[in-house]
Amino acid sequence: MKILAIQNRMGIGDTVIFLPFIKAISKKYNSPISILVKENTKAEQFLYETNYIDKILILERDRNNNNHGGFFGTFKLINYIKKYKFDKIFIFNSSLRFYLIAKLCGIPEIFQYPLLNKTGQHIIDTPKKFLKDKLNIYVNDDPKIQINNSIVSQTITKYKINKNDINILLGIGGSGPTKRVPSKIFLSFIDKITKVKNCKFFLATGKNKEEQIILNEILNSKYKNNCVPLDDLKIKEILPIIKNCNLSICNDSSFSHLSAALDVKTITLMVDTPIIYGNYNSKMFPIIPDGEKTVSHHTSGKNKINPQKIFDKTIEILN
């Protein structure tokens, strides 16, 4: 059976969050599921080993590539999807456009969120209700990313990962400046933990100018010999490194989602995003800014993350 799921939200995190729902559909029909996602989800770099995913189709509709946008782009998208001759389609949004595309592709069975009803759609609860109503299945699993064990083993040698050390991924990057915890907070945590544990830190970030400043401030510290920068690596190359870590400590970034989905306990530093993005996975342990009871957009708490709380949670996890 050929089944397509459309998840058109942007970014890695949202794609990871939707994986349990894709997996549940796959289990229901005993068939791997093809997905249509945007290029910036980088799904091809972290779902290539995942056995419930079939084909990864790219929705070319963003600021850099709008090949599937507009009137003529819609027909390009129809031709793109139509050639796969899908039997069923699951549309994880309320877009009339995608409903009409599915109809014009000739897909016999169409399952979709209620049309033109985007108000109050929860990132977790809405797809749960969708699959409960449409397929009578209840989804309550953590997202899981699969990775080849031999690659994980090879990475130990390649990056000289000592299993007698405490190997920690530090996800110091973030999709916006308000989400990036300052280097001084990470350095304070590093100072505390290295006094009681032999640690190696893998620094995960992108090439954004501000992220590079944070990276270099850590690399230029007295702890530079304990640190390995990962900014020159692709996500596909970073995954087996994460899998070899004892835990991860991440801003609200792609690495927090990937880490937890790799079954690595992940401390999420939640400073300017709804708390659900840092606690939806049982492997996630959120820390919020001092003085706050919760976090949401515009909390602006990146300077109020307490490194002592990061340290205490780390010790709790390691023990």
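Worth a mention:
- Take the conditions (1) small (Gly, Ala, Ser); (2) at pLDDT below 95; (3) within 18 Å of Ile166 (Cα to Cα); Ala260 misses just one of them, which is (2).
- Checking each residue in region 169-201 for being among the hydrophobic types (A, V, I, L, M, F, W, C), buried (at least 23 other Cβ atoms within 10 Å of the Cβ) and in contact with a Phe, Trp or Tyr (Cβ under 8 Å, 6 or more places away or on another chain) picks out Leu169, Leu170, Ile172, Phe189, Ile190, Phe201.
- The C-beta contact set for region 190-216 (first residue among the acidic types (Asp, Glu), second residue open to solvent by 20 Å² or more (accessible area, probe 1.4 Å) and in a helix (DSSP H, G or I), distance under 8 angstrom, 6+ apart or interchain) comprises Glu210/Pro177.
- Failed item in (1) within 23 Å of Phe21 (Cα to Cα); (2) under 28 Å from the mean Cα position of the chain (by Cα); (3) surrounded by 13 or more Cβ atoms within 10 Å (Cβ to Cβ); (4) not charged (D, E, K, R), with Thr119 passing the rest: (3)
- Ser34 touching a Leu at 6+ places or on another chain (Cβ under 8 Å), more than 27 Å from Lys236 (Cβ to Cβ) and small (Gly, Ala, Ser): no
- Figure legend. Inter-residue proximity from region 131-143: first residues closer than 19 Å to Ser259 by Cα, second residues modelled with pLDDT of 95 or more and surrounded by 14 or more Cβ atoms within 10 Å (Cβ to Cβ), beta-carbon distance below 6 Å, spacing 6+ or different chains. Indicated pairs: Asp141/Pro20; Asp142/Asn281; Pro143/Val16; Pro143/Leu19; Pro143/Pro20; Pro143/Ala261.
- Within region 202-237, being assigned to a helix (DSSP H, G or I) and open to solvent by 30 Å² or more (accessible area, probe 1.4 Å) holds for Lys209, Glu210, Gln212, Ile213, Asn216, Glu217, Leu219, Lys224, Asn225, Asn226, Lys236, Glu237.
- For Pro240, the conditions (1) outside any strand (DSSP E or B); (2) touching a strand residue (DSSP E or B) at 6+ places or on another chain (Cβ under 9 Å); (3) open to solvent by less than 30 Å² (accessible area, probe 1.4 Å) are fulfilled apart from (2).
- Any helices (runs of 4 or more DSSP H) falling wholly within region 1-85 and containing at least 3 residues that are over 24 Å from Cys250 (Cβ atoms): 19-29, 70-82
- In region 1-53, the qualifying residues are those that are of a type in the set (A, V, I, L, M, F, W, C) and surrounded by fewer than 16 Cβ atoms within 10 Å (Cβ to Cβ), and the one that is modelled with the lowest pLDDT is Met10.
- In the set Glu316, Glu292, Glu237, only one residue is free of Cβ contacts under 8 Å to residues at least 24 places away in the same chain and within 18 Å of the chain's Cα centre (by Cα); that residue is Glu237.
- Being open to solvent by less than 60 Å² (accessible area, probe 1.4 Å), closer than 28 Å to Tyr52 by Cα and under 23 Å from the mean Cα position of the chain (by Cα) is a description that applies to Asn148.
Here is a yes/no grid of residues against (1) over 23 Å from the mean Cα position of the chain (by Cα); (2) farther than 23 Å from Leu47 by Cβ:
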position: Pro143; (1), (2): no, no
position: Asp165; (1), (2): yes, yes
position: Ile172; (1), (2): no, yes
position: Ser183; (1), (2): no, yes
position: Phe186; (1), (2): no, yes
position: Asp191; (1), (2): yes, yes
position: Cys199; (1), (2): yes, yes
position: Leu203; (1), (2): no, yes
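- Among the residues of region 245-289, those that are crowded, with 21+ Cβ neighbours inside 10 Å, among the polar types (S, T, N, Q) and in a loop (DSSP other than H, G, I, E, B) comprise Ser253, Thr273, Asn281.
- Subset tally (residues that are of a type in the set (Ser, Thr, Tyr) and under 17 Å from the mean Cα position of the chain (by Cα)) for region 30-51: 3
- Some residue of region 152-159 being at negative phi, open to solvent by 10 Å² or more (accessible area, probe 1.4 Å) and not in a helix (DSSP H, G or I): yes
The values are calculated or read from the model by the stated rules, or taken from the named source; none is laboratory data. Small disclaimer: the values here were computed from a predicted structure and weren't measured. Cβ coordinates were reconstructed from backbone atoms using ideal geometry, including for glycine residues, and neighbour counts include every protein chain displayed. In case anyone asks, the SASA skips ligands and DNA or RNA and just uses the protein heavy atoms, side chains included. Shrake-Rupley method; radii C 1.70, N 1.55, O 1.52, S 1.80 Å.
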